[in-house]
Amino acid sequence: MTKLLYLHEPSVLHNLSRRYGINEIYTYTGNILIAVNPFKGLPELYDVEVMEKYKGAAIGKLSPHVFAIADIAYRAMIDEGKSNSILVSGESGAGKTETTKMLMRYLAHLGGNNASEGRSVEQQVLESNPVLEAFGNAKTVRNNNSSRFGKFVEIQFNEHGRISGAAIRTYLLERSRVCQISDPERNYHCFYLLCAAPQEEIEKYKLGNPSSFHYLNQSNCYDLVGVNDAREYLTTRRAMDTVGISKEDQEAIFRVVAAILHLGNINFAKEEEADSSALKDESSQFHLQMTAELLMCDPHSLEGAICQRIMITPEEIIKKSLNPHDAAVNRDGLAKTIYSRLFEWLVAKINVSIGQDPNSTCLIGVLDIYGFESFKTNSFEQFCINFTNEKLQQHFNQHVFKMDQQEYVKEEIDWSYIEFIDNQDILDLIEKKTGGIIALLDEACMFPKSTHETFAQKLYQTFKDHKRFIKPKLTRADFTIVHYAGEVQYQSDLFLDKNKDYVVPEHRELLSASRCSFVSGLFRSPTEENAKPSKFSAIGSRLENAKPSKFSSIGSRFKLQLQKLMDTLNSTQPHYIRCVKPNNTLEPGVFDGTSVMQQLRSGGVLEAIRIKCSGYPTHMTFSEFLQRFGMLAPEILRGDYEERVACKWIFEKMELTGHQLGKTKVFLRSGQGAELDAHRARVLRNSAAVIQRHAKARSDRKSFTLQRQASVHIQSHWRGKRARKLYKEKREDAAAVKIQRNLRRQLATRSYNGIRFSAVTLQSGLRAMAARSEFRSREQNKAATALQAYWRSHKAVSDYKKLKEASVVSQCSMSERIAEEETMNLNMEEEETDDLELSYDELREKLEELKFHLLSEKQLRVRYKSALFSIV
C-alpha cells in the first residue's frame, strides 16, 4: 500500500478489491498485513513447500503472506535476542482464528522438535485449539465459529531457536452466553456436542434433544451446516487426550456441562409467603435432583443456595428467601460461575500439560483478540471489547509513529513539528482510577439500591462536558462514546449485573463441599493453588477474593489483565495482522467496499495512513526520485551532479517548499507527490506530442517501404504462382495423355483377353456339347438296340403266349368237341343198342390217348420257356 503514489481511502480500497479478485488475499500496508477472508479453501497457500519458500526470505521479496510476518518475528527474535509479538485482530468472521492457527503452524515448523516420545510442545499447542473452540466458541449472527474470548499464546524458545515451552492466556469469556442467547445464535459448542454424544453417555447424564433445555432452546438454531456434532464430540475427546486431560477429568468436565443444562431447567413458583419461591413442578424437582447428583452435592442444600440468600450482620445471620425472579437470576449466576471456572480450569490444565520453560529468554506472542464492535444493541461485552481495541489502537499508533520517527532520525531530517493525535482522552474516560466509567460502574455495583438508570445519570453528570461522551436523546439509560473508529451507543441495562464477579457464599460453600474433587477444586481459594504464573505471562493467576464480603468486578479485573497484556506487548517488537471480512453473507468472491472500509477504519489501517499523511507520507531514495522526476530538469541530468544536489535543483526549479532531503531519501509532504506527478504528466504530454509526430512520420515511411516491399513480394509471388500453375497444367496434360494411353492399352488388353477367354470357353463348351451329343447318340443306339431286342423278345413271347393260348383254346375246344362227340356217340350208342357197348379195355385205351394229347401240350409250354430264356 505504501508504494501507492496516492495514499488515501479510495486507492487503498481499490487496491484491496483488485487483489482480492485474483485470490491475492494478503496485502502489506507498511508493517501491517491485511488479510481478507476468502471464504473458501486455498490449500496451495499453506502447504509445506510454501513454508519452506518463506523460510528466511526478506520481506517484500515474495508475495505478502501470514508466513512472512511469522518469519520476520522469528528472525528478529533470533538475530536481536528480543521477544516479538504478532497481534491479530478483526471483527467476527474475518478469519482471526484461522490466521492464528497458520501463524502457530509456521512457528512450529521453524522451531519444532522431533519428539521421540509423546507429543511435542508445538503439537500440544496446535491440538489445544479443538478443546478451546469447543468450550469458548459459539455461533453468532456473523460467524458460525466465533471465539467468545480473547487469547494470547506465548511460545517460548531456547537459545537454539527451538520451542521449549508455551502458555495460553485468555481474556473476557462471554459468561452471559451460558444463560442467555438470541435467535439465530447458539450457546457454546460443548453443550450441543454433549447432546450428540454416544447413547450410553446421554442415558447416564439424562440428556436429550437440545430443544428440551432452557439454556439452548432460547434460539431455534441447534445444528450448524456442514458440522456433525457427534463427530466433533469424539474429536474433542481425542484432543483432550492429546493435551493431557485424563479420562477421569474428562468424565468430570462433561458431568459439569450436563449439570449446567439441568440447572437451567429448574423453574420456580411463588409461595404463599411474600417474596419467597419454591420449585415449580415435578420436572423442576427432577432437574434439581440430576444437578445435585452430577455435581455430587446435597439437593436440599442446592435448592437452599438458589432460593435463599444469607445476609451477615454484626448481630446475627439472616436467611432471606428470594422471589421467583431473583431465584432465577441466582440460578443463572451459579451457572455462569460454574462455567467460567470450568473454562479457566481447562486453560490452566492445558498450560500445565504443555509446560513452560523458566530458562527461556525470548518468546513470540500471538494475540487473537476481538475487533472493534458496534451493533444495534451494545452491552457490557462490547464496552470491554472496544476498551481493549482503544488500548491496542494507542499501542498501534505509537508504534507506527515510532517507526516513522526512527526513519526520520535515521535520515536526519527535522520532524519536530509533526502533529500526532493520541486517544489517551478516551482511555482516561474509561479507565481513570477516580471518575472513570469503570470506576463509577464498580461504585454503582457496591451499592445495593443502585440501578442502571442511577448509573447512567451519574455518567451524564460526570462527563457532561467531555468531548468523547454524548448523552443520546430520548433515552434515560444509554450513553455514547466517540471511539477512534466511530460513535458507539451503549445500553446500560445489564452493565451492573454483568460487571459483578461476586461469588455468592452459599454457592461457594455448596460446591467446595462437593464429594467430587474436580468440582470442589474449581472453587479452591488462591492460597490453595500452587500454579505459578509464567515469566512472560500477560495475566497472572485468576485471583478470587478470599473474603466473601469484598467486592470484585469483571471490569476492574479485566482492566488489570489488559494492563499486564500491554506491558507484555510493550516489551516486545510488535507485528500487526488486520483480518477483514469482505462481505456479511460469507460468500466467496464478493467484495463489499462499504463494509471493508468500515473495518479498515475500525482496525486502525486508515488511522495509520492518516499518521503517515500527517508527516511525510511519500518518501523515496534519491535515485528513485531522479528516475521518476528527472525529466522535469533534463539539463541537470546531463551534468555530472550528485544525486542530492540534482534533487535539490529539481525542487528549486519546481518552486516546491516543505519537503525534506535526508541522507539517502527525499521526503514529501502530503500532496507534493501529486503536484510533482502533475508536472511530470504535463512534460510527458508535451514530449509525447513531439514523439508522436516523429513516430508518425517514421511510421508512415516505414509503412510505405513495407508496402512497396510487400507489393514487390506479392508480384514476384504471384508470377511464381502463375508459372507454377502453368507448369502444373502442362504436367497435368502430359499426365492425362499418358494416363489415356495406358488406359486404352489396358482396355484393349482387357477386351482381347475377354474375347479370347470367351472363344476358348465357347469352343470347349461346343466340344463338350458335341462329345455329349455323340455319347448320348451312342447311349441312345445302345438303348434302342436293347429296347429292340427286348421288344422282339417281348413280341416273340407275346406271340408265343397268344399262340399258346390259341393252341390251348383250340386244343381245349378240340378236346371238348371230341369229348362231346364221344359223349354223344356214347350216349347214342347207349341209346341205340346195348350190344354196341364198348369193352372196358377199349375205353381205357381212349382215355390214355386223351391223356397223351394233354401231356404233349405241357411239354410244348416248357420248350417255349426254354427257348425264350435262351433269347434273353
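The values are calculated or read from the model by the stated rules, or taken from the named source; none is laboratory data. Just so you know, these numbers come straight off a predicted model, no measurement behind them. Glycine also receives a Cβ, built like all others from the backbone with ideal geometry; neighbour counts cover every protein chain displayed. Please note that ligands, DNA and RNA were not included when accessible areas were found on the heavy atoms of the full protein model with its side chains. Shrake-Rupley method; radii C 1.70, N 1.55, O 1.52, S 1.80 Å.
From the list T170, T140, the lone residue that is in a strand (DSSP E or B), within 15 Å of K96 (Cβ to Cβ) and not acidic (D, E) is T170. For the subset of region 499-536 comprising residues that are assigned to a helix (DSSP H, G or I) and modelled with pLDDT under 75, which member is surrounded by the most Cβ atoms within 10 Å (Cβ to Cβ)? Top of the filtered list is P526. None of S92, S63, S116, S85 is surrounded by fewer than 22 Cβ atoms within 10 Å (Cβ to Cβ) and either modelled with pLDDT of 85 or more or in a helix (DSSP H, G or I) (or both) except S63. Can you tell me which of G630, G658 is touching a residue at least 12 places away in the same chain (Cβ under 8 Å), part of a helix (DSSP H, G or I) and closer than 23 Å to L7 by Cα? Only one candidate passes the filter, namely G630. Residue pairs whose Cβ atoms lie under 7 Å apart, sitting 6 or more positions apart in sequence or on different chains, and linking a residue in region 260-281 that is aromatic (F, W, Y) to a partner that is open to solvent by 10 Å² or more (accessible area, probe 1.4 Å) and assigned to a loop (DSSP other than H, G, I, E, B), are F268/K280. Within region 475-491, being assigned to a loop (DSSP other than H, G, I, E, B) and either at pLDDT 95 or above or not small (G, A, S) (or both) holds for T475, R476, Y484. The set of residues in region 342-365 being open to solvent by less than 30 Å² (accessible area, probe 1.4 Å), assigned to a helix (DSSP H, G or I) and either at pLDDT below 95 or not aromatic (F, W, Y) (or both) consists of L342, L346, V347, I350, N351, I354.
Cβ-Cβ distances below 9 Å connect the following pairs, each with a first residue in region 637-650 that is more than 8 Å from L626 (Cα to Cα), a second residue that is charged (D, E, K, R) and in a loop (DSSP other than H, G, I, E, B), and a separation of six or more residues or different chains: R644/K663. Is it the case that region 695-711 has a residue that's open to solvent by 40 Å² or more (accessible area, probe 1.4 Å), of a type outside the set (G, A, S) and touching a residue at least 40 places away in the same chain (Cβ under 8 Å)? Checked against the condition, which is being open to solvent by 40 Å² or more (accessible area, probe 1.4 Å), of a type outside the set (G, A, S) and touching a residue at least 40 places away in the same chain (Cβ under 8 Å), region 695-711 yields no hits at all. Return the residues of region 21-59 that are open to solvent by 60 Å² or more (accessible area, probe 1.4 Å) and either closer than 26 Å to Q573 by Cα or part of a strand (DSSP E or B) (or both); say none if nothing qualifies. If the condition is that a residue be open to solvent by 60 Å² or more (accessible area, probe 1.4 Å) and either closer than 26 Å to Q573 by Cα or part of a strand (DSSP E or B) (or both), then E52, K53, K55, A58, I59 are the ones that fit. Of all residues in region 564-581, at least one satisfies being closer than 30 Å to N84 by Cβ and free of Cβ contacts under 8 Å to residues at least 60 places away in the same chain.
Within region 119-137, restricting attention to residues that are under 12 Å from A239 (Cα atoms), part of a helix (DSSP H, G or I) and charged (D, E, K, R), the residue that is modelled with the highest pLDDT is E133. P472 meets the conditions (1) in a loop (DSSP other than H, G, I, E, B); (2) open to solvent by less than 30 Å² (accessible area, probe 1.4 Å); (3) in contact (Cβ under 8 Å) with a residue 40 or more places away in the chain; (4) within 25 Å of T377 (Cβ to Cβ) in every case but one. The failed one is (3). Within region 587-607, residues that are more than 15 Å from E91 (Cβ to Cβ) reach partners that are open to solvent by 50 Å² or more (accessible area, probe 1.4 Å) and among the basic types (K, R) with beta carbons closer than 7 Å, at six or more positions or on different chains, in the pairs P588/K40.
Would it be correct to say that K464 is in a helix (DSSP H, G or I), surrounded by fewer than 15 Cβ atoms within 10 Å (Cβ to Cβ) and at pLDDT below 95? No, not satisfied. So which residues in region 259-298 are assigned to a helix (DSSP H, G or I), open to solvent by less than 30 Å² (accessible area, probe 1.4 Å) and not β-branched (V, I, T)? Listed by number, the residues that qualify are A259, L261, H262, L263, G264, S284, H287, L288, M290, A292, L294, L295. Among all positions in region 634-643, there is no residue which is of a type in the set (V, I, T), surrounded by fewer than 19 Cβ atoms within 10 Å (Cβ to Cβ) and either part of a strand (DSSP E or B) or within 43 Å of the chain's Cα centre (by Cα) (or both). Return a yes/no flag: does region 366-374 have any residue that is touching a Leu at 6+ places or on another chain (Cβ under 6 Å), surrounded by 18 or more Cβ atoms within 10 Å (Cβ to Cβ) and over 30 Å from N265 (Cβ atoms). Scanning region 366-374, I find at least one residue that is touching a Leu at 6+ places or on another chain (Cβ under 6 Å), surrounded by 18 or more Cβ atoms within 10 Å (Cβ to Cβ) and over 30 Å from N265 (Cβ atoms), so the answer is yes. When you look at H395, is it touching a Phe, Trp or Tyr at 6+ places or on another chain (Cβ under 9 Å), open to solvent by less than 40 Å² (accessible area, probe 1.4 Å), under 21 Å from L562 (Cβ atoms) and part of a helix (DSSP H, G or I), yes or no? In short, no. Screening region 211-246 for residues that are open to solvent by less than 40 Å² (accessible area, probe 1.4 Å) and of a type in the set (S, T, N, Q) and picking the one that is nearest to V131 (Cα to Cα) gives T236.
Among residues of region 143-154 being open to solvent by 10 Å² or more (accessible area, probe 1.4 Å) and part of a strand (DSSP E or B), the one that is farthest from V366 (Cα to Cα) is S147.
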